[in-house]
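Only the coordinates and a few stated rules stand behind these numbers; no lab work does. Keep in mind the model is a prediction, meaning the values are calculated, not measured. Positions of Cβ are generated from backbone atoms using ideal geometry, with glycine treated the same way; all protein chains shown enter the neighbour counts.
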Amino acid sequence: MSSVSRPRPGPYLLGPRGHAALLAGCAVAGVALVLVGVGTGAVPVPLGDVVATLARRVFGWGDGVDLATDTIVWEYRFPRTLLAFVVGAGLSLAGVLMQALVRNPLADPYVLGVASGASAAATAAMTLGIAALAGLGIPVVAFAGAAATMVAVLALGRRNGRIDPPRMLLAGVAVGYLMAAVTSYLQLRATPEELANVLFWILGSLAGTSWSDLPVATAVVLLAAVLVLYRATALDLLSLGDDAASSLGVDLPRFRLELVLVAALCTGVAVAVAGGIGFVGLMIPHVARLLVGPAHRRVVPLSLLLGGCYLVLVDILCRVVRAPAELPVGIVTALVGAPFLIWLLRRDRGEVAG
Amino acid sequence: MSDALVVEGLTVHLGDRAVLGGADLHVPQGAVVGLLGGNGSGKSSLLRAVYRAVRPEAGVVAVDGADVWRELSARAAARRTAAVTQMPGPLELSVREVVELGRAPHASGWGGLSDADRSAVARAVDSVGIAHLVDRRCTTLSGGERQRVLLARALVGEPRLLVLDEPTNHLDVAAQHDLLGLVRASGTSAVVALHDLDLAGAYCDLVHVLAGGRVVARGPVVDVLTPDLVREVFGVAVHVDAHPLTGRPRFSTAPLTITHQEEPR
């Protein structure tokens, strides 16, 4: 037999070629969805006007369109749609990391309790009416809540100075419930008007996005994506077990800390700008693994693109189904995600039995 | 030339409990050394300290003359020592992907496979007879096949020392012999934790016996595993003779309560 074997079709749904085609397809779909998303809403904007506006604003080409359309497209719809992509990508990435970290397919970005902490802080800012808190802006307050929760969970989730995944999972769930209790108490005290705002935020929404929401979230998700791609092999090694990963040169305590921090940062910025959007981080990594197998050098890029496209699509649906009113994004992701989770559980059980 | 593995004065704590208190172990170049001892005697802890999964409180672990904990990085140590560990539940990766991960300590940052990596993978899967399985998912393999995959993952890194922690657990008899035969055939220096005295007798050049966190006996199998030591350490009576088929030492064990005069039923 010749010493060097060429890559052959693997055991997954898509081989290397299918994978490349899928990535390209997702990128094209992402662009198309963003254009559709910008055109969709209470005031529909034709695709030609969308393209004309973006051409003038981004490249300085052409004369653009009338001022009202220009403002709707550039100041409201475009940042909102881009943010939907970034948040979807960031939540999916965090989901990949958490599932690898605790080696449990049912983990999602919220098991660390980070989202509950962000919600509690945001609710406090919205209901207690503390001017200083509100003056910071809800995203900043929410991120501070996420960061504080993360520090607490990290401190509680350690054994002998090192992250212990099962203990951290329990710490995350416990701190999450505590924060949820705080949020519930604050809701009881809130006026009906405040309560409506709080609920809309907690269920997740991209309404009211402005350009200022984008830079930090985009930078965090991009940096995290690069770092995680660099660590793709170490993530695969982690799936072989702690001992195997150690024996193959992974500095496990440091790597775990790295993963927790990156996942919490991604989750924190996503929740800060868009509220609690569930099921994306749980569902998208599974879809990616189903298509291209579990190797992280393939799962990570695909999850980023799929997650981004998915949330842009959901955001479009939220603006269409009850137009001119909007649905919270989290309701739609849960409507799709919960049946998916049930299907996943039944599928896993079938494999074990068979 | 220094020994493939030198362990001296190894002390390992799990939480507050000392599981090893000054254990010594030597693996000469090219030798297969068996590590024996009852459950909880510290076999796994010793091996984990060798492949850098648990940091010892005190003592030295040196592979080919280099101190694994003080002189080598995690990756540099991983290039010298490869471990066959237990798989953590179902693994969806393909056999080829798992074996390729054994090259990770040799890979550079972004981790594409070089031609050298690919030919090492081809050699490793050939040498343990799993070339026909490379495109299967690990979840679809039998226990014996899975252990071969893990052995290929260890051999593909071209290590100077193999560490195997009870690699024959849950394997059928044929697979047990196959696996240890492959370890011997690889020619790599190896330390193997085993429960089965006959397998130790058949495949190990030397054995070390752990009890109470220390190595209490070491040497060739027949010299070490005397009836007295086996009674002392394992709490069973034993009769040692030569295996009628292989000539290797054979251990017939019985509970201590049995008397030698009792007629076989």
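Couple of notes before you dig in:
- The residue among B:Val236, B:Gly201, B:Ala31 whose Cα reaches farthest toward the positive pole of the charge dipole of region B:5-255, with charges on the beta-carbon of Lys, Arg, Asp and Glu, is B:Ala31.
- The phi torsions of region B:68-78, fed into the Karplus equation with coefficients 6.51, -1.76 and 1.60 and a -60° offset, translate into couplings of 5, 8, 10, 10, 10, 6, 4, 6, 5, 5, 5 Hz, rounded to whole numbers, with Gly and Pro shown as x.
- For chain A, calculated [θ]222 nm from helices alone, where every DSSP H run of n ≥ 4 adds -39500 (n - 2.57): -23500 deg cm²/dmol
- Student exercise, chain A dipole from Lys, Arg, Asp, Glu Cβ charges, in Debye to nearest 20: 1040 debye
- Charge dipole of region B:5-255 about the Cα centre (unit charges at C-beta), most positive-ward option of B:Val61, B:His106, B:Ala175: B:His106
- Amide H contacts under 5 Å for B:Leu5: B:Val27, B:Asp64, restricted to partners 5 or more places along the chain or on a different chain, H placed in the peptide plane at 1.01 Å from N.
- Based on C-alpha pairs under 8 angstrom that are at least 6 apart in sequence, region B:5-255 has a relative contact order of 25 percent.
- Amide H contacts of B:Ala31: B:Ala190, each under 5 Å away and 5 or more positions distant or on a separate chain (H built 1.01 Å from N in the peptide plane; Pro and chain starts excluded).
- Using the Cβ-Cβ distance between A:Leu13 and B:Ala66 with R0 = 56 Å, the FRET efficiency computed as 1/(1 + (r/R0)^6) comes to roughly 0.80.
- Most mobile of B:Val12, B:Val216, B:Val191 in a GNM of chain B (Cα contacts under 10 Å): B:Val216
- The protein assembly as shown - charge dipole about Cα centre, Lys and Arg +1 at Cβ, Asp and Glu -1, debye rounded to 20: 580 debye
- Extent along principal axes [Cα atoms of region A:63-218; Å; largest to smallest]: 63, 37, 24
- Seen through its C-alpha gyration tensor, with square-root eigenvalues sorted a ≥ b ≥ c, chain B comes out oblate because a/c lies at 1.5 or above while a/b is not bigger than b/c.
- Three-way shape label, the protein assembly as shown, alpha-carbon gyration tensor, a/c 1.5: prolate
- Using the alpha carbons alone, the radius of gyration of region A:10-75 stands to its Kirkwood radius in an Rg to Rh ratio of 1.22.
- In terms of its C-alpha gyration tensor, chain A has an oblate overall shape, because the principal axis ratio a/c (a ≥ b ≥ c, square roots of the eigenvalues) is not below 1.5 and a/b does not outweigh b/c.
- Relative to the current alpha-carbon distance between A:Leu227 and A:Asp63, full extension at 0.36 nm per residue lengthens the span by 55.0 nm.
- For the protein assembly as shown, share of DSSP beta bridges that run antiparallel, in % to the nearest 5: 65 percent
- Our coupling estimate for region A:47-64, obtained by passing each phi through the Karplus curve with A = 6.51, B = -1.76, C = 1.60 and θ = phi - 60°, is 4, x, 5, 4, 5, 4, 4, 5, 4, 6, 5, 8, 10, x, 8, x, 9, x Hz, Gly and Pro reported as x.
- Cβ charges +1 (Lys, Arg) and -1 (Asp, Glu), total dipole of region B:5-255, debye: 400 debye
- Where labels lie 7 Å past Cα in the beta-carbon direction, separation of B:Arg17 and B:Thr253 in nm: 2.1 nm
- Of all the options A:Gly90, A:Gly176, A:Gly48, the one that moves most in a Gaussian network model of chain A with Cα springs shorter than 10 angstrom is A:Gly48.
- Using the Cβ of A:Arg56 as centre and a radius below 13 Å, the other residues enclosed give a net charge of -3, where K and R count +1 and D and E count -1.
- Phi-based couplings in Hz for region A:86-101 (Karplus 6.51, -1.76, 1.60; Gly and Pro marked x): 5, 5, x, 5, x, 5, 5, 4, 4, x, 4, 5, 5, 5, 6, 5
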